[in-house]
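This report refers to the structure that appears directly beneath it.
Laboratory data are not the source of any read-out in this text; all were calculated from the coordinates shown. These figures come from a predicted structure and were not determined experimentally. All Cβ positions, even for glycine, are placed from backbone atoms using ideal geometry, and neighbour counts span all protein chains on display.
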Amino acid sequence: MSRLLALVVTALLALTACSGSSAQSGPKSLRMTVWTANEAHLKLLNEIASEYKASHPDVTEIKFDSIPADGYTTTLTTQIAGGNAPDLAWVLEESAPDFVSSGALAPIRAKVEKADELVPSATKLWEKDGELYAYPFSTSPFGLFVNTDLVKELPATWEEAVAASAGKNLVLPDFKYQNWAVLSAIWRGWGANAWSDDGKQCGFASTEMKDAMTFVHKAIFTDKAIPGPGTTVDFFAGNAAMAVSQISRAGALKDAKFGWTLVPLPKGPKGDYAVIGQAGVGVLKRSKNAEAAADFLGFFTNAANSAKLAQFFPPVRQSLLNADTLAKSNPLIKPEQLQSVVIDGISKGVVKPSHQGQEELNQTIRAALDPLWKPDANVSQVLDGVCAKIKPLLERQ
Amino acid sequence: MTFWTCRRRDNLIGYLFVAPALLGSLAFVLIPLAMVGWYSLNEWNVLGGTFEFIGGENYKQLLNDEKLRDSLVATAWFAAGLVVLNLSLALLLAVLLNQKLRGTTLFRTLFFSPVLVSLVAWTLVWQLMLQPEGSVNGLLGVFGVDGPNWLRGDTTAMVSVIVVQVIKNVGLNMVLFLAALQGVPAPLYEAAKIDGAGAWRRFRSITIPLISPTILLTSIITIVGSLQVFAQIAVLTQGGPGTSTTVLIYYLYQQAFQFHHFGYGATISVLLFVIVAALTLLQWQMRRKWVLHES
């Protein structure tokens, strides 16, 4: 009986496979959009792809298509709109809610090797109704890089950090007075958040947020620690005392001509905390080769390849999240730093703010926060204004 | 009676001659234009892959969109500032460089050369120059002036975008004006001089009327161009600070390509099309009033 059933099921599967309008038989070529153009990154990606092709002769080509990080999501959605969607795509954490909820991505849990060992805090953003829609291949905690030539004593609190870098620059490389979400690396220390967990209530007008932003404003305009709007200071060239950045940036310090170290984010009034930035890789549902793409994704993220990728992209597999394994691929960072910044960071961290319709929120908040970046700004009034602007957007979801 | 009469054959040959251009504009202008109109009647979710007919909903949203109003105001300021500054500067330069003096060729080349520079490269260089510690403020510092943070102030950002664009393109209008000025017959000036007309009077009563067809042409080109400015905004201010430099095209880009509201984006392009068409038509109608040989 069971054999008969198996036969019927196989026949049905074969039938659906043939009649499926989108499935393509014969040689397949896969394209994955990525935002890195770093040679070392691409070399590793191509190595993994070659290995996969060797064991899967039906896949003739796996192409990594580098799109500049600036405007990455815009380019990706334009490709999708133009009917030229890639088979696989890296997705930024801030676009995750849009991609996951819209149904643009295909479910992949079944293809992921040992999916149970993925750290739950890292997969949360990429799940819907218990299904996984993208693999969080890079989960990178924010830490404080310190130039030890300029700063002798490592700061434990934000007050100390700002005091120590007054006139010597505490930089947030990706902020640029545009990407306000980077500031969450600071304001989480005050217990503030951009919006409530369910995404419906605005958090900018809260007391915690006002205290945190008053601190940031003072650090910019009074203490002269954070460089003002329009001023670019490069920590990685040795021009700043400290930088709030993601661990994945440590590679830029390979040939640094100055002493540096990496410590967890300083404590805020609310104590210890961690913030992580994330990137997932998903399979586009509309890809003609979605099945093959999901299969490759399974291979790309299996334990062995995750270990290789770990040298650039911090992994989310429990089995790899120990200082010894990470130390092998991160020679620049000491094991105790890996433990305190990376491992503890990933397990207790909260992901940078993300919401459905993130890009519209981004632009609206960016515009509403602009009046804050002036010496005489009224912090409380500006933040109330942010909530007034984004309230309709939060309620729309 | 044969079918291929001479007349018919001539017509066919004529159609064949225009066919390439006609097919080109059909494929790349008329069809896309019609499609934009069609998209504007739909809600298009790119990520989810849904495309749903919603009739006039997008147009209703157009009427209630506060941000759209802000961007129309920004567009009006930008267009007005650009057109006035560009045309008057171009005319001034053309008159100055129309003199028979040594070195005018060099100056003509200098003022025209920005037109040939890649727009994005030009804008990126200006972005660096306009930083708080950039060379513009450095130059002002020489004269003891403490320059502002150009791209971060509400007014200075708009002024910066306009000036960067004017310097980029003023050379083109200048060349057009120069050509027109050189077409003004010298005897007219001589006759006016004998009648006792001063320099200003000659300029107003002879030069302006005689070059008025060129003024019409340059003003149409400049106004249409000013409504289509995009790269400068995208590079210099990204529409900020606040929404002070979010001109219509940039707002359209945000809605369609950043916020994924392709249907609404298409609706804004229809609005832009109507505005450009209306302005051009208006200028065309007004030409009878002030352009020579047109009344």
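Couple of notes before you dig in:
- Any hit, the stretch A:128-144, residues being outside any loop (DSSP other than H, G, I, E, B), of a type in the set (Asp, Glu) and under 24 Å from A:Pro314 (Cα atoms): yes
Condition check ((1) under 26 Å from the mean Cα position of the chain (by Cα); (2) over 21 Å from B:Leu248 (Cβ atoms); (3) part of a loop (DSSP other than H, G, I, E, B)) across all residues:
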{"position": "B:Trp4", "(1), (2), (3)": "no, yes, yes"}
{"position": "B:Leu16", "(1), (2), (3)": "no, yes, no"}
{"position": "B:Ala19", "(1), (2), (3)": "no, yes, no"}
{"position": "B:Leu23", "(1), (2), (3)": "no, yes, no"}
{"position": "B:Arg69", "(1), (2), (3)": "yes, no, no"}
{"position": "B:Thr75", "(1), (2), (3)": "yes, no, no"}
{"position": "B:Leu82", "(1), (2), (3)": "yes, no, no"}
{"position": "B:Leu106", "(1), (2), (3)": "no, yes, no"}
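- Within the stretch A:162-178, considering residues that are over 19 Å from the mean Cα position of the chain (by Cα) and among the polar types (S, T, N, Q), the one surrounded by the most Cβ atoms within 10 Å (Cβ to Cβ): A:Ser165
- Only one entry in B:Ala157, B:Ala197 is assigned to a loop (DSSP other than H, G, I, E, B), farther than 27 Å from B:Thr109 by Cβ and either hydrophobic (A, V, I, L, M, F, W, C) or in contact with a strand residue (DSSP E or B) (Cβ under 6 Å, 6 or more places away or on another chain) (or both), namely B:Ala197.
- Qualifying positions in the stretch B:104-128 - within 14 Å of another protein chain (Cβ to nearest Cβ) and within 19 Å of B:Gly153 (Cα to Cα): B:Leu124, B:Trp126, B:Gln127, B:Leu128
- The residue list A:Leu320, A:Leu297 contains one member that is of a type in the set (A, V, I, L, M), surrounded by fewer than 21 Cβ atoms within 10 Å (Cβ to Cβ) and under 29 Å from A:Tyr52 (Cβ atoms), which is A:Leu320.
- Residues being at the interface with chain A (Cβ under 10 Å from one of its Cβ atoms), in a helix (DSSP H, G or I) and surrounded by 22 or more Cβ atoms within 10 Å (Cβ to Cβ) - total across the stretch B:203-250: 0
- When the stretch B:129-140 is limited to residues that are more than 9 Å from every other protein chain (Cβ to nearest Cβ) and either surrounded by 13 or more Cβ atoms within 10 Å (Cβ to Cβ) or hydroxyl-bearing (Ser, Thr, Tyr) (or both), the one that is farthest from A:Ala367 (Cα to Cα) turns out to be B:Leu140.
- Listed conditions (1) free of Cβ contacts under 8 Å to residues at least 24 places away in the same chain; (2) touching a strand residue (DSSP E or B) at 6+ places or on another chain (Cβ under 9 Å) are all met by A:Ala279, apart from (1).
- Residues of the stretch A:203-227 that are of a type in the set (Asp, Glu) and more than 14 Å from A:Gly189 (Cβ to Cβ): A:Asp223 alone.
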